[in-house]
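Right, one structure below, let's go through it.
The values are calculated or read from the model by the stated rules, or taken from the named source; none is laboratory data. Because the structure is a prediction, the values reported are computed rather than measured. Glycine gets a Cβ as well: all are built from the backbone with ideal geometry, and neighbour counts include every protein chain shown.
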Amino acid sequence: MNQTVASAGNNGDKDRSDCLVTIELSKSGGLKIDLQSKVQVLYGESIEALSKEVLNFFDIRHATLTVIDKGALPFVLAARIEAAIKQVISTEKEYLLDMISENRYSTQRNKPRISRLYLPGNTPSLMLNAGVHKPDGIILDLEDAVAITKKSEARILVRNALRSHDFLGVERMVRINQIPMGLDDLEFVVPHHVNVVLIPKCESAEHIQQVNDRISAIKRRSDLKDPIWLMPIIESAMGVMKALKIAQAADNVVAMAIGLEDYTADIGVNRTKEGRESLFARCQIINACKAAGIQAIDSVFSDVGDMDALKENVLQSKALGFEGMGCIHPRQIKVIHENFAPNEVEIEKAKKIVLAFEDAAKKGLGVVSLGTKMIDAPVVKRAQHTIDSSISVGKLNKNWRNEIKD
Amino acid sequence: MSNTGKIVTNAIGRSVPTEVNGKPVTPFRGVGKHKPDGRKFGPRISSCVDFPNDGNKLVSSLKESLMKAGLRDGMTISTHHHFRNGDLIAVQIFEIAAELKIKNLVWFPSASFECHAPLIKYLEDGTIHHIEGSMNGRLGRFTSEGKMKGVGVLRSHGGRYQAVQDGEVQIDIAVIAAPAADSFGNANGVEGSAACGLLGFALADSQYADKVIVVTDNLVPFPCIPWQIQGNYVDYVVKVDKVGIPEKIVSGTTEITKSPDRLLLAEMTAKFCEQAGIIRDGFSFQAGAGGTALSIGIYFADMLKAKGMKARFARGGSNKYLVKMLNEGLVEYILDGQTFDLDGVKSMRENPRHVNTSPFTSYNYHGKGNFASMLDVVILGATEVDINFNANVVTHSDGVLLHGIGGWQNCLFAKCTILPVPLFRDRIPVIRDEVTTVCGPGELIDVIVTERGIAINPLRRDLLDKVKDSDLPIRTIEALKAEAEKICGIPAKQKFDDEIVAIIKWVDGTVIDCVRKVK
């Protein structure tokens, strides 16, 4: 590398909890840390110590490191310093902070994925409290939310966030870049306890295979056992037509989502609120998912100020058969949960059906009836599904049978 | 450096001076422990002989009025802050004083804003000796750096009334800028282009100052109704072109916060109030003007609607959301201390259930009771809270003085005081071992709501019992502090110079803490 000066991070007027790090290599003079920090009084010394530690780790002996800090947490500072260094030296090394014990969990294939909150992969301030808003999952986004010039530093930041930032138990997802670029993203996420990988603009079972091949290689190399689930996102006419093949491409595909901005662009129409132009695509995705036994996930709703329209959108989405939706703002989470979840009437009806079925089974009756109405097997299955999802979103106590008897 | 007398440790363990700006001061003795004897301060007797029978007290300019009022070295000049960041009068007073080569004045505002930063010039050239009131933003930084000649004195709104009433501060000249006034001096805040709702913060000034000047840009024929300030207290009336910048006095629109983190805090706070049984028919509440506090009112409104209940009264700062609750019958009365937006001003002008109050009725601790202690719940902010529930509102964790106390201390006497605060701001932990400056004693602070858990003061067994079976994330304050430090790292101790740059008065006039010069 010929470059001797490089920067990483952000220092815009609106940037918070971030820093801008500039490194300038020199031939002599040792290490100089030039720190301007909002938290100088409280953390100035620890920031300087961390800076020196990272520089030493990468065997840099002579350099000036300028840190303009707006309250970045240590995992952010370390990521920015590493990202700056990696532009001026060639190295395979990674400065890894401790993997916190809170992040060493894996998730179940069928866990609810009603809401998943998108977090731009290069914006630390939005990551900090993501978990407290209790989405089912968070998505650290390396794709559309990251400018092309910031892709490298975002990978390091996302890696550090996966290791060091407590997302309070929510499922931790990463949206990688489109294949093939996204395959290299996997190196930064697979070894660090990611739960789900989102594959954008997925158009074939091949894409799934390529991702899984790379994941397997990394897992073998790092001796990892925990499952990594996949959620392909269908965003093109081709993807829609291949939906079933993609959904069935591998055992670890647990959900499939649709991305309507790109899809409507691909078929050359405008995206409307009513969504007639994408009805076929949405139904195709839902049917492919149901056929493959995986979760069908709807596109994000982009007007973050209009909660009423979001609610309408969720109700329509639920009526079609979707089981979840992406969020681009924490305020959307509650609306999505409340409206995807079964409502009171649905829960009451489901309880009666399930109880009637259990009663009939106990009595050895072949036919289940509720009042004067006969109940078919699929109705019981749907009722059981309603009960299960009500319990999972906290709308129903899992001991609901006892509550009724009391 | 000013003489501070002997430094002593007060009842809350802080080292405080016993003398400030040449006058003795009493260290904090504990909540409710300091009860002064004697009579209130008595203003001079005036005579109608000295005032025109036709009631016309107009003089030609602010300068003339100040000269007639006898402006001279060392005087205490008061102003009010109802115009907030749109005040055009305070700076003019000191421009005039500087032009007249007058020195060592004490500025005694009810609060300062960023628009008052030009006064730094007059603090530097000796026109102003020190400020007693609040030192916000750049004035605070100036003070923290030890550049003010005297020692700053910070008081709550109630403490300001108390200090004037008790004679601790004797106002030589009060300048009351008014959105509407007549030539007799009757004035109000509801009419005119600078309408700010009410003038309650200037009440003590009108009652107790030696000389009172009313300044208005909206002179109406006698009588100016309502007379929130009564002309019988007023010496001179001045008509100027403009008293304030309307859009900086009240915002045309107050919006609830869009910050998801603050909304979450507001929602958790409202849920706590619901679970603790605070929200019931006929309850009362006060929420400040900050984004979080503002949104709490919205959650309260939803809860009241759902339960078919209403609040008996709410204390303002009023804004369009509170006015909406009043108009929808969810609140029966607004007892307002200041209005934050145009909807608030209009409501105060037109709705008899929207009542103006003053620090005398709301907050004065040396009165026969006040409204603050009657509230069921008050929701306030803080820059820091410590593990003993002591809280700070004036300095930041780097030790710099940046905010005033406002009505904060006075409100702590409510039946339940809740501080919704983020666990950390950027990297700065809000819950500390010890706050940088104690503004309120922990025994009066009941609940700390953070996005990662709610801590209840162990003194409030009753509240702990009420929510023990709820699904609220109740945690100890120590656990919250530990979590903040796990995320942010353990903060280093700040280093201060010994020099005292400001003192913090408690509601009874004693010194609860002081601010030292930053290194």
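A Cβ distance below 6 Å, combined with a sequence gap of six or more or placement on separate chains, defines the contacts here; from the range B:284-305, residues that are within 17 Å of residue B:335 (Cβ to Cβ) reach residues that are buried (at least 18 other Cβ atoms within 10 Å of the Cβ) and among the aromatic types (Phe, Trp, Tyr) in the pairs B:284/B:313; B:289/B:340; B:297/B:321. Just checking, does the range B:434-444 include any residue being among the charged types (D, E, K, R), closer than 26 Å to residue A:15 by Cα and within 14 Å of chain A (Cβ to nearest Cβ)? Within the range B:434-444, not a single residue is among the charged types (D, E, K, R), closer than 26 Å to residue A:15 by Cα and within 14 Å of chain A (Cβ to nearest Cβ).
For residue B:445, the test of being at pLDDT 95 or above, touching a helix residue (DSSP H, G or I) at 6+ places or on another chain (Cβ under 6 Å) and either among the β-branched types (Val, Ile, Thr) or at positive phi (or both) is failed.
Residues that are free of Cβ contacts under 8 Å to residues at least 60 places away in the same chain, surrounded by 14 or more Cβ atoms within 10 Å (Cβ to Cβ) and away from chain B (no Cβ under 13 Å) number at least 1 in the following strands (runs of 3 or more DSSP E) confined to the range A:1-90: A:19-25, A:31-37, A:63-69.
If you go through the range B:461-497 and pick out every residue that is farther than 30 Å from residue A:127 by Cα and surrounded by fewer than 18 Cβ atoms within 10 Å (Cβ to Cβ), you end up with 10. For the range A:194-238, the set of residues classified as modelled with pLDDT of 95 or more and on the phi > 0 side of the Ramachandran plot consists of A:201 only. Could you say whether any residue in the range B:272-290 is crowded, with 18+ Cβ neighbours inside 10 Å, within 14 Å of another protein chain (Cβ to nearest Cβ) and out of contact with any strand residue (DSSP E or B) (no Cβ under 8 Å at 6 or more places or on another chain)? Within the range B:272-290, not a single residue is crowded, with 18+ Cβ neighbours inside 10 Å, within 14 Å of another protein chain (Cβ to nearest Cβ) and out of contact with any strand residue (DSSP E or B) (no Cβ under 8 Å at 6 or more places or on another chain). Residue count for the range A:315-345, restricted to those that are touching a helix residue (DSSP H, G or I) at 6+ places or on another chain (Cβ under 8 Å) and among the β-branched types (Val, Ile, Thr): 3.
All conditions but one from (1) closer than 29 Å to residue B:189 by Cβ; (2) touching a Gly at 6+ places or on another chain (Cβ under 9 Å); (3) not in a helix (DSSP H, G or I) apply to residue B:46; the one that does not is (2). For the residues B:485, B:478, the requirement of being within 13 Å of chain A (Cβ to nearest Cβ) and not in a strand (DSSP E or B) singles out B:485. Residue check: residue B:82 meets all listed conditions (1) farther than 23 Å from residue B:171 by Cβ; (2) out of contact with any Lys or Arg (no Cβ under 9 Å at 6 or more places or on another chain); (3) crowded, with 20+ Cβ neighbours inside 10 Å; (4) not hydrophobic (A, V, I, L, M, F, W, C) but one, namely (1). Of the residues in the range B:408-418, none is more than 27 Å from residue B:371 (Cα to Cα), modelled with pLDDT of 95 or more and crowded, with 20+ Cβ neighbours inside 10 Å. Taking the conditions exactly as written (surrounded by 19 or more Cβ atoms within 10 Å (Cβ to Cβ) and touching a helix residue (DSSP H, G or I) at 6+ places or on another chain (Cβ under 9 Å)), does residue B:138 satisfy them or not? No: the conditions fail for residue B:138.
Yes or no, residue by residue, for (1) under 16 Å from residue A:199 (Cα atoms); (2) touching a His at 6+ places or on another chain (Cβ under 7 Å); (3) at pLDDT below 95:
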residue	(1), (2), (3)
A:245	yes, no, no
A:269	no, no, no
A:302	no, no, yes
A:306	no, no, yes
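Per the listing B:300, B:313, the residue uniquely aromatic (Phe, Trp, Tyr), farther than 27 Å from residue B:113 by Cβ, away from chain A (no Cβ under 14 Å) and part of a helix (DSSP H, G or I) is B:300. In the condition set (1) free of Cβ contacts under 8 Å to residues at least 12 places away in the same chain; (2) under 16 Å from residue B:404 (Cα atoms), residue B:158 is compliant with all but (1).
Considering only the range A:274-294, I want to know if a residue exists there that is within 30 Å of residue A:215 (Cα to Cα), out of contact with any Cys (no Cβ under 8 Å at 6 or more places or on another chain), touching a residue at least 60 places away in the same chain (Cβ under 8 Å) and in a loop (DSSP other than H, G, I, E, B). No, that holds for no residue. Restricting attention to the range A:377-400, does a residue exist that is assigned to a helix (DSSP H, G or I), polar (S, T, N, Q) and without any contact (Cβ under 8 Å) to a residue 40 or more places away in the chain? Checked the range A:377-400: at least one residue is assigned to a helix (DSSP H, G or I), polar (S, T, N, Q) and without any contact (Cβ under 8 Å) to a residue 40 or more places away in the chain. Of the strands (runs of 3 or more DSSP E) that lie entirely inside the range B:148-229, not one contains 3 or more residues that are touching a Lys or Arg at 6+ places or on another chain (Cβ under 7 Å). When the residues of the range B:354-403 are filtered to those that are touching a strand residue (DSSP E or B) at 6+ places or on another chain (Cβ under 6 Å), under 25 Å from residue B:12 (Cα atoms) and of a type in the set (Ser, Thr, Tyr), the one that is surrounded by the most Cβ atoms within 10 Å (Cβ to Cβ) is B:395. The residue of the range A:104-121 that is surrounded by the most Cβ atoms within 10 Å (Cβ to Cβ), among those that are more than 14 Å from residue A:298 (Cα to Cα) and among the polar types (S, T, N, Q), is A:107.
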